[in-house]
Amino acid sequence: MTPDQIARVRRRLEELRAEVEGAGNIAVRAEDIGPVPSAADEDEAPFREMDQSIASSRNRVRADQLLRIAVAERRLEEDPDSFGLCEKCEEPIPPRRLELLPFVRKCVDCQSAAEVRSSKPVRKKVTDYQE
C-alpha cells in the first residue's frame, strides 16, 4: 500500500472507532422480580426480556467492532507493509474494500470461501453413532 492509502485507512479506522464509541452502550437492566407479579407485569415481561436481549446483542456487536478496529490499528502500526494483503492468499485486498471495511483480513474470494465452509451444516450419519 502507498503511504496515501495507509493514511486513508488509518483515518477511516479512527472514524469508525469514533462512530461506534459515540453510539454508546445500551443499558441492560436487571429486573427485580417480586414474589407475586401483577397481571400487567406478566404481560410486559416478554417485551422487557426481548428489549434486554436486543440491547445485550447490540452491545456484543459493538464490542466486536471495537476489537476488530483495535486489531487493525495494531496491525497497521506493527506491519504496514503487509497491511492490505489477504491473510490467506497474500494478494492485495482491493482499496475500495479496505475503504469500506478497513479491518478486513481477507479478499472477497477467500472470505466467501471461508463463509461457505463455515455455513455448511454438519449432518450426522448413522455410522457416526456406531462404535
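The values are calculated or read from the model by the stated rules, or taken from the named source; none is laboratory data. What you are looking at is a predicted structure, and each value in this text was computed from that prediction instead of being measured. Note that we place each Cβ from the backbone using ideal geometry, even for glycine, and neighbour counts take in every protein chain shown.
Some notes on this structure:
- In the range 67-120, the residues that are among the β-branched types (Val, Ile, Thr) and assigned to a helix (DSSP H, G or I): 69, 71, 108, 116
- The set of residues in the range 56-81 being surrounded by 12 or more Cβ atoms within 10 Å (Cβ to Cβ) and within 21 Å of residue 107 (Cβ to Cβ) consists of 65, 68, 69, 71, 72, 73, 75, 76, 80.
- Test for residue 64: is it modelled with pLDDT of 90 or more, of a type outside the set (A, V, I, L, M), outside any loop (DSSP other than H, G, I, E, B) and under 18 Å from the mean Cα position of the chain (by Cα): yes
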